[in-house]
1. Hey, does the stretch 135-154 have a residue that's surrounded by 18 or more Cβ atoms within 10 Å (Cβ to Cβ) and modelled with pLDDT of 90 or more?
2. How about the stretch 148-161: which of its residues are in contact with a helix residue (DSSP H, G or I) (Cβ under 7 Å, 6 or more places away or on another chain) and touching a residue at least 24 places away in the same chain (Cβ under 8 Å)?
3. Within the stretch 43-64, identify whether any single residue is within 30 Å of residue 210 (Cα to Cα) and within 15 Å of the chain's Cα centre (by Cα), and answer yes or no.
4. Considering only residues that are within 14 Å of residue 246 (Cα to Cα) and either surrounded by fewer than 23 Cβ atoms within 10 Å (Cβ to Cβ) or free of Cβ contacts under 8 Å to residues at least 12 places away in the same chain (or both), which ones fall in the stretch 162-176?
5. Where in the stretch 1-83 are there helices (runs of 4 or more DSSP H), lying wholly inside it, with at least 3 residues that are touching a residue at least 24 places away in the same chain (Cβ under 8 Å) and within 13 Å of residue 182 (Cα to Cα)?
6. Could you tell me whether any residue of the stretch 284-294 is at pLDDT 65 or above, over 18 Å from residue 25 (Cα atoms) and assigned to a loop (DSSP other than H, G, I, E, B)?
């Protein structure tokens with residue numbers, strides 16, 4: 001398969017998978033606390049990836065382990081809890097669109113710290129997408145008063161973590177297999193996730209007879225299998241065959257899926273939010289690499 005086709009296929013599949021993750025987090029929070037959800041998600045994913053590719057750990061060079069650990073925390077550990085806490089207040093669809101700030105951070109960090117190429121069209125696209133995100137953030141402050149409105153910034157913090165992660169994978173872990181990176185990430189964060197889970201009094205007994213808790217665990221298993229294990233491997237591969245900004249532009253496309261799930265679940269999405277979403281999608285169009293055909297071809 002041609003690389004150009006492969007990267008677009010990955011982008012679309014990941015948009016579908018990760019766009020569905022936000023509603024799964026929302027459903028998981030019906031029977032679990034944010035700390036329980038985040039830890040359970042990490043531990044389930046570690047188990048799944050270990051079955052799929054334990055032998056892949058040998059493909060990680062010793063000098064790369066420091067970056068594997070680093071990306072494990074910024075690409076998975078912190079965002080898992082940040083999104084869980086955020087969705088106790090804000091709608092799943094809004095959380096998905098707010099995550100559209102990731103390409104802005106990715107581009108800025110790439111230029112500042114990783115000597116990424118500077119293109120004005122991409123800058124314009126990121127700024128337009130950022131403008132759409134600001135509209136959504138402003139709308140959250142309008143409809144939510146007091147401290148609740150600040151939960152939107154937990155998603156912004158997660159977006160910053162994702163942007164750090166994708167730049168490090170691209171520029172520090174080039175050549176390391178995607179599955180090796182994913183499994184190494186989760187091995188690195190398993191112990192702190194387990195410590196958190198044991199410290200928050202997980203409802204083990206309720207998981208057996210409470211429909212709410214058992215249903216939440218079912219949603220988190222689906223999230224762990226597809227939204228984390230499978231998606232992480234695919235995303236790492238996408239980063240290796242494309243640019244960081246293109247890879248992370250998935251955060252501009254997945255809101256369409258997330259909004260659709262949110263509306264089906266009874267969430268309201270007003271005109272102002274649709275406008276902000278449209279700006280974000282236009283932004284991803286501008287930042288996408290467009291190869292002009294060669295003359296005479």
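The values are calculated or read from the model by the stated rules, or taken from the named source; none is laboratory data. Just so it is clear, the structure is predicted and the values come from calculations on it, not from any experiment. Methodologically, a virtual Cβ is constructed for each residue, glycine included, from the backbone with ideal geometry; neighbour enumeration extends over all protein chains shown.
1. Among the residues of the stretch 135-154, at least one is surrounded by 18 or more Cβ atoms within 10 Å (Cβ to Cβ) and modelled with pLDDT of 90 or more, which makes the answer yes.
2. 151, 152, 154, 155, 156, 157, 158, 159, 160, 161
3. yes
4. Listed by number, the list holds a single entry, 170.
5. Answer list for the stretch 1-83: 34-53, 65-72.
6. No, the conditions are met nowhere in the stretch 284-294.
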